[in-house]
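A.B. asks: Have a look at this one before I ask anything.
The values are calculated or read from the model by the stated rules, or taken from the named source; none is laboratory data. These figures come from a predicted structure and were not determined experimentally. Don't worry about glycine lacking a Cβ; one is built from the backbone with ideal geometry, like all the others, and counts go over all protein chains shown. These accessible areas exclude ligands, DNA and RNA; they are computed on the full protein's heavy atoms, side chains included. Shrake-Rupley method; radii C 1.70, N 1.55, O 1.52, S 1.80 Å.
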Amino acid sequence: MELGKEYLKVIQERFQNVKDLGDRTINQLSETDIHWRLNEASNSVGFTVKHVSGNMVSRWSDFLTTDGEKPSRNRDQEFEDTILTIQEMIIMWEKGWNTFLGTLNGLESQDLLKKVTIRGEKHTVLEAIERQLTHYACHVGQIVYIGKQLKDENWETLSIPKGKSEEYLHGKLKKHQS
């Protein structure tokens, strides 16, 4: 087993899992839900999607050759309520993820120790990937949390339902003993 190749396989799966949590939450939201904010200091799901997508497109376009903070990115605009529809938001979400996952899936083991620049600071590709895993997982967690609050008793769980842990564990153990 080659470590770099295995790492890239595992990290691609991890990022896909993060995206899936976001997808499954967004699919439960209404047009009104994507604009909801607890207060002025909070971000809506729409803001968060715009921010994550903007980050992905900026960081992962021409990833190995240009600074990850592109001059075309306007980060401050990502936190303005300009998304009109949930469909518009989903298109933005998919554009970011497609840019990011396309670049990630194209990396090879030998790329992991290459240097990339983000806001003038040098990072190995490995560091840049890990930095983004934390960033994207945090924001998707925010989207999930907002979704759970808004949907309340109508929330469709994304993991093991409350009170079903033991049943889930036994099912997994039985499956892996076969």
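A.B. asks: Report, ordered by chain and residue number, the lysines lying within cross-link reach of LYS151, taken as a straight Cα distance under 28 Å and ignoring same-chain residues fewer than 8 apart.
C.D. replies: LYS19, LYS50, LYS95, LYS162, LYS164
A.B. asks: Rounded to the nearest 20 Debye, what is the dipole magnitude of the chain about its Cα centre when Lys and Arg each give +1 and Asp and Glu each give -1 at the C-beta? Let's see the in-between values first.
C.D. replies: Numbers: 24 positive and 27 negative charges, 106 e Å.
That gives a dipole near 500 debye.
A.B. asks: Only helices at least 20 Å long along their own axis, judged from Cα atoms, and with Kyte-Doolittle mean hydropathy of -1.0 or greater: name those in the chain from DSSP H.
C.D. replies: Details: long enough: 3-26 (34 Å, -0.68); 45-60 (22 Å, 0.15); 86-106 (30 Å, 0.09); 125-151 (38 Å, 0.12).
Once both thresholds are applied, what remains is 3-26, 45-60, 86-106, 125-151.
A.B. asks: If you wrap segment 60-159's Cα atoms in a convex hull and average its projection over all directions, what's the area in nm²? Intermediate results must be reported in sequence, preceding the final value.
C.D. replies: Details: hull surface 32.7 nm².
Averaged projected area of segment 60-159's Cα convex hull equals 8.2 nm².
A.B. asks: Continuing with this model, one more query. If I take every Cα pair under 8 Å that is 6 or more residues apart in segment 50-169, average their sequence separation and divide by the length, what percent do I get for the relative contact order? Mind dumping the intermediate values first?
C.D. replies: Working: 89 pairs, mean separation 31.1, N = 120.
About 26 percent, as a whole number.
A.B. asks: Whenever you get a sec, line up SER178, SER44, SER109 from highest to lowest accessible area (probe 1.4 Å, protein heavy atoms).
C.D. replies: Details: SER178 130, SER44 0, SER109 30 Å².
Largest accessible area first, the residues go SER178, SER109, SER44.
A.B. asks: Where only protein heavy atoms count, and the probe is 1.4 Å, what is the accessible area per residue for segment 22-70 in Å²?
C.D. replies: Values: 1990 Å² over 49 residues.
Dividing the accessible area of segment 22-70 by its residue count gives 41 Å².
A.B. asks: Rounded to a whole number, what % of the accessible area of the chain do carbon and sulfur atoms account for, probe 1.4 Å? If you can, show how the numbers build up before the last one.
C.D. replies: Numbers: 5630 of 10660 Å².
Here it works out to 53 percent.
A.B. asks: Using a 1.4 angstrom probe with every protein chain in place, what is the largest-first accessible-area order of LYS50, LYS95?
C.D. replies: Details: LYS50 20, LYS95 120 Å².
Ranked from most to least accessible, the order is LYS95, LYS50.
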